[in-house]
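Chemist: Quick one: structure below, then a few questions.
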Amino acid sequence: MEIMARSSGEIGVFAMLKRKIRNSVRQPVIGPLLGNRFVSVSVFLFSAIQLIIVRLHLPGWPCVFHDATGIPCPGCGLSRAMVALLQGDLESMVRLHLFALPALIATGLIGIAWILPAQTRHALARFIERMEINTGLTAGLGFLLVIYWLCRLVFMSATLYGL
């Protein structure tokens, strides 16, 4: 009887852990950001200024991660890849960073949310938030970004450090 109680207790712990992981993985990121006009404006303007600076070949903001660790961050080359994508240079985009398209889509959504009327913006934010929760898309992209970054560090370090 004690063994059965222990087993069912362990199963309960694993089920609870599984629920906690699932809930934390499906936390929305983009949806809540879209609902707040001030945050949307700030993020969009910061992104737009960064892309303009990169397009003009001016020095952009320094990477805090790289400055602190000496290792290129997961987003290293992303601004240049987004500019290349906007210019239609797919070869450069692929060479610089494969996540330029999702980043550009997210930036575009944020920019659109900024100019929408409040009711429409909140409806869009709720839709994106539900999509993030139901699909785990944001967490999945985050996980893939980390895997991509690690692969770049291990297999393409000479290219990555040259960015």
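A short reminder: the numbers here are calculations on the coordinates, not readings from a lab. Quantities reported herein were computed from a predicted structural model and do not represent experimental measurements. Here the Cβ positions follow ideal geometry from the backbone for every residue, glycine too, while neighbour counts run over all protein chains shown.
Chemist: For the range 95-163, rounded, prolate or oblate, judged on the Cα gyration tensor with a ≥ b ≥ c (square roots of eigenvalues), a/c < 1.5 rounded, else prolate if a/b > b/c?
Modeler: It comes out oblate by the Cα gyration axes.
Chemist: Kindly express, to the nearest 10 degrees and within the range 0 to 90, the angle between helix 118-135's C-alpha long axis and the longest C-alpha principal axis of the chain.
Modeler: 60 degrees
Chemist: Any chance you could check the Cα centroid distance between the range 106-142 and the range 32-57 for me, in angstrom?
Modeler: Going from one Cα centre to the other spans 15 Å.
Chemist: Would you calculate a helix-derived [θ] at 222 nm for the chain, using -39,500 (n - 2.57) for each DSSP H run of n ≥ 4 and dividing by the full residue count, to the nearest 500?
Modeler: Details: 10 runs with 129 residues, N = 163.
-25000 deg cm²/dmol, from helical runs alone.
Chemist: Now a separate question. Take each of the peptides 93-100, 133-140, 81-88, 52-59, average the number of other beta-carbon atoms within 10 Å over its residues, and list them starting from the highest. Don't jump to the answer; show the numbers that get you there.
Modeler: On the way: 93-100: 20.2, 133-140: 15.2, 81-88: 18.2, 52-59: 11.6.
Those peptides, ordered most packed to least, come out 93-100, 81-88, 133-140, 52-59.
Chemist: Oh, and also: Using θ = phi - 60° and the Karplus form 6.51 cos²θ - 1.76 cosθ + 1.60, what ³J(HN,Hα) does each residue of the range 39-47 get, whole Hz, x for Gly and Pro?
Modeler: 5, 4, 4, 4, 5, 5, 5, 4, 5
Chemist: In nm, give the distance between the simple-model label positions of Leu101 and Ile53, each being 7 Å from the Cα along the Cα-to-Cβ direction.
Modeler: 2.8 nm
Chemist: Something else now. May I ask you to derive the relative contact order of the chain, considering only C-alpha pairs under 8 Å and at least 6 residues apart, and to give it as an integer percent? The partial results should precede the final answer.
Modeler: Numbers: 144 pairs, mean separation 56.8, N = 163.
Relative contact order for the chain comes out at 35 percent.
Chemist: By how many degrees, between 0 and 90 and to the nearest 10, does the Cα long axis of helix 100-115 differ from the longest principal axis of the chain?
Modeler: Value to nearest ten degrees: 90.
Chemist: Next up: Could you give the nm distance between label points at Arg130 and His66, where each point is 7 Å from its Cα heading toward the beta carbon?
Modeler: Placing both labels 7 Å beyond Cα along the Cβ direction yields 4.1 nm.
Chemist: Two-decimal Rg/Rh of the range 28-161 from alpha-carbon positions, Kirkwood Rh? Spell out each step's value before the answer.
Modeler: Values: Rg = 15.8 Å, Rh = 16.0 Å.
Here Rg/Rh amounts to 0.99.
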